[in-house]
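The values are calculated or read from the model by the stated rules, or taken from the named source; none is laboratory data. Computed from a predicted structure; not experimentally measured. Cβ placement follows ideal geometry from the backbone for every residue including glycine, while neighbour counts extend to all protein chains displayed. Accessible surface areas use protein heavy atoms only, side chains included; no ligands, DNA or RNA. Shrake-Rupley method; radii C 1.70, N 1.55, O 1.52, S 1.80 Å.
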Amino acid sequence: MFPVFASSGRKTLSNVQQRTTLPSESSIDDQRVRHVRIAILGSGFSGLGMAIRLKQQGQEDFVVIERASDIGGTWRDNTYPGCACDIPSHLYSFSFALNPHWSRSYSPQREIWDYLRHCAERFGILPHIQWNSELLEASWNEDDQCWHITTTQGQLIADILILGNGPLSEPSLPPIPGIERFEGVLFHSARWNHDYDLTGKRVAVIGAGASAIQFVPQIQPRVGHLSLFQRTPPWILPRHDHPIPSWQRAMFRILPITQRFVRTRIYWRNELTALGLVYRSSIIEKGMQLARRHLAEQVPDPELRAKLTPHYVMGCKRILLSDDFYPALTQPNVEVITNRIREVRANSIVTEDGREHEIDTIICGTGFHVTDTQLPQYVHGHGGRSLADVWRAGSCAYFGTTVAGFPNLFFLIGPNTGLGHNSMVFMIESQITYILDCLRTMKRRNVRAVEVRPKIQEAFNTEMQQRMKRTVWASGCVSWYLDANGRNTTLWPGFTFEFRRRTHHFDPQHYDLLPQQAPAHVGKTERRTSV
Ligand SMILES: Cc1cc2nc3c(=O)[nH]c(=O)nc-3n(C[C@H](O)[C@H](O)[C@H](O)COP(=O)(O)OP(=O)(O)OC[C@H]3O[C@@H](n4cnc5c(N)ncnc54)[C@H](O)[C@@H]3O)c2cc1C
């Protein structure tokens, strides 16, 4: 039984791969296919935020393509017990839609999901969403200079395509020999099986990352036995989560400026962490001392403590926050196993020391496909070249937003925009501002298409990789921030205010601009102008 990805996009994409002719390879009948100004992929923080800001600018001609039947992305899909944000909610929300009602400093998944649904409703985005519609293929058409898009709901033509498909939306299963032969129940934390009762079961949790440290304390009291298979112990700091008192919520509602003040304070406190991560300041050493003390206070047993003590520089992998993970591991029904898994059998897991662990259930807290997602295979730019092909040596995009060879294509949370220390919503909003400014420029200059100049993108990418060398992420650990070539194509190597400053204006000098009135039969090089 292997029900993990029953609803994921992977199967559908690979089905498409087997077709002999993709619908968009044959000519799309422009008369019948819907043509929109802008198509946005995804309805998480990225897609939804983009849609709201477009609407606020008076743009109505856009569609949001969403493979699920509800909005929310991460916060719709991750329903595991204990799921919550790890950036305080006052900051982990849209700047243009503060929520005075957060119940806790780190709100639970359901509240964040409800918040996003509320935003979609409040700003009138729901009628723009094409539900149950998975993007299968998108190709830049040289004749009409538009994106021709194929989804599971049919075809679409868009002048502009904005990809907000999420950096953490494709769950990753560990490639352990025999896992497909497991006869018990197996699921990924991002596809939690709520129909399955864990009470009294022998449960194996694979992974000790951001999700596992949240759900392990929730399930530990219920299960018969919990075996935590941990490869590398994470650095864990105290979380100090607390309910937000009703008087404070009332204050935030009546005087929104007070919530803005709290939000700003959280932002700058988090931003300080970048000093340690990017510039390797003594902040990291202080953080490690704090984390060691936290571990010592919560885990009295020296043997268990040794297993849980990290041996790499803090921050090289994501720093985690928890007050209840360590206490759960000290319970008599829990064992932390650090021997590597050799194989999975029908009803057990065998570790490299030859020990066989009998189990009923495997829960994979093994993260997501980040640098190896499938979508780039299905996005084609000039000359039909796929993004996967262009990114073969490693993904890169100018400000994580535009790629040479792919006109009028924009990414939200593209390469090198992830963070190890602050709110992703801040980065998303910075990119949205950049895209909006680009759209305004296009209108003002009567431009049909924009495409970042290869040299500009190359210089930017060189800068990213140079700066990355002195960061803590290059200190030698293996992490999901790195791609198959060992390059960090995931994170922004600096302060987020620098990213905001640099994306505040769209600079047309960095782009080739294609004028609106270009006749369709003229070759693409002839039609381009530079400003
Ligand atoms: C458990 C968890 C906790 C997190 N906590 C934090 C936190 O505290 N702070 C923080 O800053 N970040 C956090 N993150 C990172 C989080 O992913 C981002 O903050 C943010 O939610 C990403 O939003 P998004 O819209 O870009 O992507 P997602 O939320 O992943 O949304 C992408 C959307 O695109 C859709 N989609 C994808 N592919 C296709 C396709 N081919 N066709 C159609 N639709 C498609 C998906 O269905 C989904 O709705 C967390 C991530 C996880 C997994």
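5 Å is the cut-off here: which amide hydrogens, built 1.01 Å from N in the peptide plane, fall below it relative to ILE125, excluding neighbours closer than 5 in sequence?
Result for ILE125 returns nothing.
Loop sites only, by DSSP: take the GluC sites (Glu not before Pro) in the chain that have at most 16 other C-beta atoms within 10 Å and name the longest stretch containing none of them. Please list the in-between numbers first.
Details: sites that count: GLU25, GLU60, GLU142, GLU183, GLU352.
With GluC sites (Glu not before Pro) excluded where exposed in loops, the chain gives 353-531 as its longest stretch.
Of CYS316, ILE219, HIS118, which is farthest along the charge dipole of the chain in the positive direction, counting Lys and Arg as +1 and Asp and Glu as -1 at C-beta?
CYS316
Accessible surface of HIS357 in the full protein assembly, 1.4 angstrom probe, to the nearest 10 Å²?
Counting only protein heavy atoms, HIS357 exposes about 10 Å² to solvent.
Based on Cα coordinates alone, diagonalise the gyration tensor for the chain, multiply each eigenvalue by 5, take square roots, and list the semi-axes in whole Å, largest first. List each step's numbers first, then the result.
Working: eigenvalues 319, 145, 105 Å².
Semi-axes, largest first: 40, 27, 23 Å.
Just how large is the dipole of segment 64-111 about the Cα centre, in debye to the nearest 20, putting +1 at every Lys and Arg Cβ and -1 at every Asp and Glu Cβ? Before the final figure, lay out the partial values.
Details: 4 positive and 5 negative charges, 14 e Å.
That gives segment 64-111 a dipole magnitude of about 60 debye.
Taking the Cα centre of the chain as origin and charging only Cβ (+1 Lys, Arg; -1 Asp, Glu), how large is the dipole, in debye to the nearest 20? Write out the running numbers ahead of the final one.
On the way: 58 positive and 50 negative charges, 307 e Å.
Here the size comes out at about 1480 debye.
Please report, as a whole percent, how much of the solvent-accessible surface of segment 376-503 comes from carbon and sulfur atoms (probe radius 1.4 Å). Could the numbers behind the result be given before it?
Numbers: 2490 of 4560 Å².
Roughly 55 percent, rounded to a whole number.
Output the relative contact order of the chain, whole-number percent, from Cα pairs under 8 angstrom with separation of 6+ residues. Mind dumping the intermediate values first?
Numbers: 1008 pairs, mean separation 94.1, N = 531.
In percent, rounded to a whole number, it is 18.
Tell me, what is the per residue accessible area of segment 293-355 in Å², probe radius 1.4 Å? Present the calculation step by step, with values, prior to reporting the outcome.
Numbers: 3070 Å² over 63 residues.
Solvent-accessible surface per residue comes out at 49 Å².
So for segment 30-87, Kirkwood radius off the Cα pairs, Stokes-Einstein at 4 °C and 1.567 mPa s: how many µm² s⁻¹? If you can, show how the numbers build up before the last one.
Values: Rh = 13.2 Å.
Value of D from the Cα-based Kirkwood radius: 98 µm²/s.
Step through the table entries LYS317/LYS455; LYS307/LYS469; LYS286/LYS469, compare each Cα-Cα distance with 25 Å, and write down the pairs that go over it.
Working: LYS317/LYS455 32 Å; LYS307/LYS469 29 Å; LYS286/LYS469 22 Å.
As for pairs spanning more than 25 Å Cα to Cα, those are LYS317/LYS455; LYS307/LYS469.
Relative contact order of segment 204-297, please, whole-number percent, based on alpha carbon pairs below 8 angstrom and at least 6 residues apart. Intermediate results must be reported in sequence, preceding the final value.
Working: 47 pairs, mean separation 26.1, N = 94.
Relative CO of segment 204-297 lands at 28 percent.
Quote the relative contact order of segment 301-363 in percent (integer), defining contacts as alpha-carbon pairs under 8 Å separated by 6+ residues. Walk me through the intermediate numbers first.
Numbers: 39 pairs, mean separation 11.2, N = 63.
Relative contact order here is 18 percent.
On the accessible surface of segment 324-373, probed at 1.4 Å, how many percent belong to carbon and sulfur atoms? If you can, show how the numbers build up before the last one.
On the way: 790 of 2110 Å².
That fraction is 37 percent.
State the dimensionless ratio Rg/Rh of segment 223-332 (Rg: radius of gyration of Cα atoms; Rh: Kirkwood radius). Kindly include the intermediate steps, with their values, before the conclusion.
Details: Rg = 17.6 Å, Rh = 16.5 Å.
Here the Rg-to-Rh quotient is 1.07.
For the chain, just give the cysteines left without a disulfide-compatible partner, judged by no other Cys Cβ under 4.7 Å.
Result for the chain is CYS83, CYS85, CYS119, CYS146, CYS364, CYS396, CYS438, no neighbouring Cys Cβ within the cutoff.
How big is segment 349-425 in terms of Cα radius of gyration and Dmax, in angstroms?
Over segment 349-425's Cα set, Rg and Dmax evaluate to 18.8, 55 Å.
With only alpha-carbon pairs counted, each pair once and no self-pairs, how large is the Kirkwood hydrodynamic radius of segment 30-137 in angstroms? Don't jump to the answer; show the numbers that get you there.
On the way: mean 1/r = 0.0682 Å⁻¹.
Mean inverse Cα-Cα distance, inverted, gives 14.7 Å.
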